[in-house]
Amino acid sequence: MKRICLTLSIILVFLLSACNANNEADVSSYGMDVAKAQEITVVSADTAEIIKTITATRDIEAFASALDLNSWKLKSLPDNPAVIGSFHLAQEETLRQGQTDNDGELYEVAVITLYDGSLVRFELRSLDMSFEVSEAAADYLREYFE
């Protein structure tokens with residue numbers, strides 16, 4: 001009987017550990033998705049006007065690198081956080097089998113919203129999470145709104 005209880009306990013611990021590991025957010029895996037953007041639109045929170053549009057591949061790759069996604073840590077946003085601005089990432093629709101060309105239209109694929117306190121909200125596909133980012137990444141993003 002003790003052996004059965006011990007075996008069941010070990011299996012239960014293993015299963016619970018595996019479930020918890022799958023719930024951890026690893027936003028760093030989305031770095032390539034960010035770098036695939038063909039356009040990043042910087043939008044002011046105050047006026048909702050477009051401050052800047054980034055389209056050069058080199059600049060988009062630098063943006064993705066400066067985000068330092070490996071350092072992002074899950075963190076809940078406080079009530080009514082002060083929004084600094086947002087970054088809207090867009091790209092052409094993926095070619096499907098039988099298609100030879102896109103229509104050239106860009107579609108929004110992700111939004112990164114910057115808040116005071118080195119916090120961001122990251123919306124990508126069905127992923128909608130908030131993070132604390134490194135001070136360097138927050139400073140880099142904040143520069144777009146100064």
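The values are calculated or read from the model by the stated rules, or taken from the named source; none is laboratory data. What you see is a predicted model, and the numbers here were worked out from it, not measured in a lab. Quick reminder, even Gly has a Cβ in these numbers, built from the backbone with ideal geometry, and neighbours come from all protein chains shown.
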Filter region 47-64 for residues that are surrounded by fewer than 16 Cβ atoms within 10 Å (Cβ to Cβ) and in contact with a Gly (Cβ under 8 Å, 6 or more places away or on another chain) and give the result. 51
Look through region 119-129, keep the residues that are at pLDDT 95 or above and surrounded by 18 or more Cβ atoms within 10 Å (Cβ to Cβ), and return whichever of them is nearest to the chain's Cα centre (by Cα). 120
Residues of region 87-110 satisfying the condition of being at pLDDT 85 or above and hydrophobic (A, V, I, L, M, F, W, C): 87, 89, 90, 106, 109, 110
Mind checking which residues of region 39-58 are free of Cβ contacts under 8 Å to residues at least 60 places away in the same chain and not in a loop (DSSP other than H, G, I, E, B)? 40, 41, 43, 50, 53, 54, 57, 58
Has region 14-34 got at least one residue that is within 18 Å of residue 137 (Cβ to Cβ), surrounded by 10 or more Cβ atoms within 10 Å (Cβ to Cβ) and modelled with pLDDT of 65 or more? yes
Those residues of region 130-140 that are surrounded by 14 or more Cβ atoms within 10 Å (Cβ to Cβ) and more than 13 Å from the chain's Cα centre (by Cα) come to a total of 3
Please indicate, with yes or no, whether at least one residue in region 59-77 is closer than 22 Å to residue 105 by Cα and assigned to a strand (DSSP E or B). no
Scan region 127-140 for residues that are in contact with a helix residue (DSSP H, G or I) (Cβ under 8 Å, 6 or more places away or on another chain) and closer than 21 Å to residue 48 by Cα and jot them down. 140
